[in-house]
Amino acid sequence: MGKTGLKDIKNQNTNLIMQQIMQARSISRIELAQETGLSPSTVSSIVGDLLGKGIIVETGTQIVEKGRSRKDLSIAADFGSVAVFEISRRSVFFCLFDMCLETLVSTCITKQRVTGNDLFELLVETVKIHADQIYVGLVCCCMMMYSLVI
């Protein structure tokens, strides 16, 4: 096991905060500190970095009885896209989600068996057709292949 540097610790803490925001969908800085066990100053520093990069956004305000009101944080829906191709023996489906996992596109591309270069060209053509809906920040493509015998 190697040494853990400050950069590694910051990356781990950032991942922890991102996971909490994704799970909660909307959460305040103080709630992040409570849920993660990180200090409020660490949470504020990391949240500041994530806000500056456009990865998360402030989405609303919680009114509290004592102290300052709390600003809710959420993943920035337009930071990127998740493109999923579901490839089976008899069909190919395409789904496109924003970073909040809201469905932007869900369609059956073909109900025929497609392999090799034809499959590759079909995938490329689908991405070109939907290019205006694919956000620049982050594009993640996942392929699921099934070989079920029916």
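Every read-out reported here was derived from the displayed coordinates using simple, explicitly stated rules and does not represent laboratory data. Values in this document were obtained by computation on a predicted structure and should not be read as measured data. Cβ atoms come from the backbone with ideal geometry, glycine included; neighbour counts cover every protein chain shown.
A 25 angstrom limit on the alpha carbon distance is what I want to check against. Which of Lys10/Lys128; Lys10/Lys53; Lys10/Lys71 exceed it?
Lys10/Lys128
Once label points are set 7 Å from the Cα along Cα→Cβ at both Lys111 and Asp78, what is their separation, rounded to one decimal in nm?
According to this spin-label approximation, the distance is 3.7 nm.
Given Cβ point charges of +1 (Lys, Arg) and -1 (Asp, Glu) and nothing else, what value in debye, to the nearest 20, does the dipole of the stretch 31-126 about its Cα centre take?
Result for the stretch 31-126 is approximately 180 debye, rounded to the nearest 20.
So for each of 5-11, 25-31 I average, over its residues, the number of other beta carbons within 10 Å; can you give me the resulting order with the highest mean first?
25-31, 5-11
Run the numbers for Gln12 and Thr59: contour at 0.36 nm per residue of separation, minus the present Cα-Cα distance, in nm.
Gain in length upon complete extension: 14.5 nm.
Using the number of other C-beta atoms within 10 angstrom as an exposure proxy, rank Glu86, Glu102 with the fewest first.
Glu102, Glu86
Can you give me the distance in nm between label points at Met22 and Ser91, each placed 7 Å from the Cα along the Cα-to-Cβ direction?
The modelled label-to-label distance comes out at 2.7 nm.
All other residues with a Cβ under 11 Å from the Cβ of Val114 taken together, and with Lys, Arg as +1 and Asp, Glu as -1, what is their net charge?
Result for the local shell: +2.
Given a Förster distance of 30 angstrom, what is the FRET efficiency for Gln133 paired with Ser39, based on the Cβ-Cβ distance and rounded to 0.05?
0.15
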